[in-house]
Amino acid sequence: MPTPTVRTACRLASAALLACLVYALGVSGCSSRESGDDGVGPITFSGIADLTYGHQVTNAVGRWNREHPDQHVRYIEQTDSADEQRAQLIATAQGSHECYDVHSLDVVWTAEFARGHLVVPLDAHESRAYGIRKDLFVPAAWASGRYRNQQWAVPFLVNTPLLLYRKDILDAERLLPPTSLNEMISQIKLINKRRATAGQPPVGGFGGQFARYEGLTVNALEIIRSLGGDLAAGPDTPLSEPDDIGAALRLLAAGTEAGGWLPQETLTDREQGSRDAFTQGQLLFLRNWPYAYKLVTAAGSPLAGKVGVVPLPWSGVLGGHNLAVSTCSRHRATAWSFISYMTTNRDIQSAMFRDGGYPAALLAVYSDHEDEFGRAVVSSLKGAGTRPISPYYAAVSGTIQDAVHSVLTHERTPAEAVAFLQQQLPDALHGG
C-alpha cells in the first residue's frame with residue numbers, strides 16, 4: 001500500500017460550513033463548487049476494501065503513483081462493511097475530518113450523496129477532458145452513477161451475484177447445477193436424504209449474506225423478486241404483489257427450521273463469513289460476489305478444483321462501486337484524472353477482473369474473458385436488477401432489514417412482516 005506522504009486538508013470556509021444542512025438521514029453537504037480550485041496536486045482516495053485476489057486496487061494505486069510522482073494518491077482502505085463505509089464517508093464529507101478527494105461509493109449511494117452536495121457532478125468539460133464517456137461502460141453501471149439527469153459518479157467495479165457450488169458433490173450425485181431457487185432447495189434435500197441413507201452426516205445447504213446489514217437487503221430482494229414480488233420499486237410503489245412477497249418470506253422462514261435449506265449459522269454471515277463456511281466444506285451452495293470465486297478456487301484453497309460457478313439462477317441484484325470527486329477537494333483536476341485512470345484503463349480494469357475477481361465496469365474487457373467464470377459474470381450482468389433508487393436509501397434498506405430479519409429469527413410471522421412493510425416503507429421512501 002502506498003506510504004502516506006501528504007495529508008490533504010479539507011478547507012471549508014466558515015460561510016460554507018454554516019450553509020451545510022443536516023438531512024433526516026444524517027447527511028449534510030455544501031454547495032458543489034464551494035471549496036474547489038480544480039487544481040493539480042496530491043489527493044486522498046477513500047477506497048473500497050481491497051478484497052481482490054492479489055490486491056489489485058492497491059496495485060493500481062501504486063502504479064498511478066509511480067507514473068505521477070507529483071500527484072501522489074494516498075489510498076485509505078475502507079472497512080468491508082457497506083454500512084460502516086457510508087457512515088465514515090458522510091462524516092468526512094461533512095468536514096469532521098480531513099478531506100477525501102475521491103470517494104468510492106456503493107452504487108446505491110449516488111442519490112444520497114448528490115442530493116446532499118457531498119460530491120460534484122461530471123460535467124461535459126470533464127467528460128471530454130478526461131475521456132470519461134458513457135459508451136465505454138456497462139450500461140447498468142453507468143446508470144447507477146446518475147441522479148436527476150446528471151452524472152455524479154463513474155463506474156469503477158461492477159458486482160453481480162454468482163452461485164458457487166460443490167461440483168465434486170453434484171457430479172458424484174449425477175446432478176447438474178440448479179437453474180432456479182426451488183431446484184436448488186430440492187437438490188439440497190435430495191443430497192442430504194441420500195447422505196442420511198448412506199450413514200453420512202448432512203451438509204449445510206445454502207450460504208448467503210443474511211446478517212442484519214446491507215447484504216440482507218440484497219439477498220432478500222433477490223429471493224422476493226424470484227417469486228414475483230418487489231419492494232420499493234418506486235417512490236409511490238412500496239410493495240409490489242404483497243402475496244408473492246409473503247410467499248418469499250414463508251420460504252425463508254421455512255428454510256431456517258430444523259432440516260431446512262438455510263443453516264442457522266448463515267443468519268449471522270456477511271460476505272467473508274459465508275465464504276469461509278463454504279471453503280471449509282460446510283455448504284453445498286454459496287451466493288456471493290465474483291471475487292469470492294477467485295479466492296475459493298485459488299491454489300492452496302481446500303476447494304481448488306472442486307467448485308463450479310454459474311450466474312445466480314434467480315433474480316440477481318447488482319452491486320459495485322463508483323468513483324466520485326468530493327466537494328472539499330482542492331485538486332479536482334488530479335481527482336478526475338485519477339478516476340479516469342482507474343476506470344478507463346483497460347489493463348487496470350482487466351487485472352481487476354482476471355486476477356482480482358471484480359467484474360470490470362469497462363465494456364471492452366469482456367471480450368478478453370470467455371472462460372467459465374467470464375461467461376457466468378457476463379450472463380449475470382445481463383439479467384441482474386438494481387436496488388431501490390432513493391436519496392433515503394439507508395432508511396429504505398433498514399426497513400427491509402428489520403422485516404426480513406424478524407422473519408428469519410421467527411420474531412414475526414411472514415404475514416406480520418408484510419403488514420410491517422406496508423406500514424413503514426412509504427415513510428422510508430419519502431424520508432419520513
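The values are calculated or read from the model by the stated rules, or taken from the named source; none is laboratory data. Because the structure is a prediction, the values reported are computed rather than measured. A quick note on method: Cβ atoms are made from the backbone with ideal geometry, for glycine too, and the neighbour counts reach across all protein chains shown. These area figures cover heavy atoms from the full protein model, side chains too; ligands, DNA and RNA do not enter into them. Shrake-Rupley method; radii C 1.70, N 1.55, O 1.52, S 1.80 Å.
If I ask for residues that are in contact with an Asp or Glu (Cβ under 8 Å, 6 or more places away or on another chain) and either at pLDDT 95 or above or open to solvent by less than 30 Å² (accessible area, probe 1.4 Å) (or both), which ones from segment 274-304 would you list?
Answer for segment 274-304, where residues must be in contact with an Asp or Glu (Cβ under 8 Å, 6 or more places away or on another chain) and either at pLDDT 95 or above or open to solvent by less than 30 Å² (accessible area, probe 1.4 Å) (or both): A277, Q282, R287, N288, W289, A292.
Can you tell me which residue is nearest to I90 (Cα to Cα) among those in segment 375-432 that are of a type in the set (K, R) and buried (at least 16 other Cβ atoms within 10 Å of the Cβ)?
Out of the qualifying residues, it is R387.
Identify, please: which residue in segment 90-106 is open to solvent by 30 Å² or more (accessible area, probe 1.4 Å) and on the phi < 0 side of the Ramachandran plot and is, among those, modelled with the lowest pLDDT?
By that ranking, first place goes to S96.
Would you mention how many residues in segment 279-298 are within 22 Å of V218 (Cβ to Cβ) and assigned to a loop (DSSP other than H, G, I, E, B)?
Counting residues in segment 279-298 that are within 22 Å of V218 (Cβ to Cβ) and assigned to a loop (DSSP other than H, G, I, E, B) gives 2.
Residues of segment 238-253 being within 28 Å of Q85 (Cβ to Cβ) and either part of a strand (DSSP E or B) or touching a Phe, Trp or Tyr at 6+ places or on another chain (Cβ under 7 Å) (or both), which ones?
Passing the criteria: only P238.
Would a scan of segment 409-420 turn up a residue that is part of a helix (DSSP H, G or I), closer than 26 Å to L252 by Cα and under 23 Å from the mean Cα position of the chain (by Cα)?
no
What do you reckon, is F338 buried (at least 22 other Cβ atoms within 10 Å of the Cβ) and either touching a residue at least 12 places away in the same chain (Cβ under 8 Å) or under 19 Å from Q71 (Cβ atoms) (or both)?
Working: buried (at least 22 other Cβ atoms within 10 Å of the Cβ): yes; either touching a residue at least 12 places away in the same chain (Cβ under 8 Å) or under 19 Å from Q71 (Cβ atoms) (or both): yes.
So F338 fits the description; yes.
What are the residues in segment 238-258 that are open to solvent by less than 30 Å² (accessible area, probe 1.4 Å) and more than 23 Å from L429 (Cα to Cα), if any?
Scanning segment 238-258 gives L252, A253, G255, T256.
So how many residues does segment 215-237 have that are open to solvent by 10 Å² or more (accessible area, probe 1.4 Å), part of a strand (DSSP E or B) and in contact with a helix residue (DSSP H, G or I) (Cβ under 8 Å, 6 or more places away or on another chain)?
Looking only at that region, the number is 1.
How about segment 20-66: which of its residues are surrounded by fewer than 20 Cβ atoms within 10 Å (Cβ to Cβ), modelled with pLDDT of 90 or more and of a type in the set (A, V, I, L, M)?
Once the filter is applied, which keeps residues that are surrounded by fewer than 20 Cβ atoms within 10 Å (Cβ to Cβ), modelled with pLDDT of 90 or more and of a type in the set (A, V, I, L, M), segment 20-66 yields only V40.
Kindly establish whether R212 is part of a loop (DSSP other than H, G, I, E, B) and free of Cβ contacts under 8 Å to residues at least 24 places away in the same chain.
no
Counting just the residues of segment 309-336 that are more than 24 Å from R115 (Cα to Cα) and small (G, A, S), which one comes out modelled with the lowest pLDDT?
Ranking the qualifying residues of segment 309-336, first place goes to S315.
This table checks each residue for (1) touching a Gly at 6+ places or on another chain (Cβ under 9 Å); (2) of a type in the set (G, A, S); (3) part of a strand (DSSP E or B).
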site	(1), (2), (3)
G273	yes, yes, no
A277	yes, yes, no
G300	no, yes, no
A304	no, yes, no
V310	no, no, yes
S315	yes, yes, no
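Within segment 317-331, how many residues are buried (at least 23 other Cβ atoms within 10 Å of the Cβ) and either among the β-branched types (V, I, T) or assigned to a helix (DSSP H, G or I) (or both)?
Of the residues in that region, 2 qualify.
Of the conditions (1) within 15 Å of F137 (Cβ to Cβ); (2) modelled with pLDDT of 90 or more, A395 satisfies every one except a single condition; which number is it?
In the conditions (1) within 15 Å of F137 (Cβ to Cβ); (2) modelled with pLDDT of 90 or more, A395 misses (1) alone.
I'd like to verify a number: residues in segment 142-182 that are of a type in the set (G, A, S) and open to solvent by 10 Å² or more (accessible area, probe 1.4 Å), how many?
Adding up the residues that qualify gives 4.
Could you tell me how many of the residues in segment 346-358 are in contact with a strand residue (DSSP E or B) (Cβ under 8 Å, 6 or more places away or on another chain) and either without any contact (Cβ under 8 Å) to a residue 12 or more places away in the chain or in a helix (DSSP H, G or I) (or both)?
5
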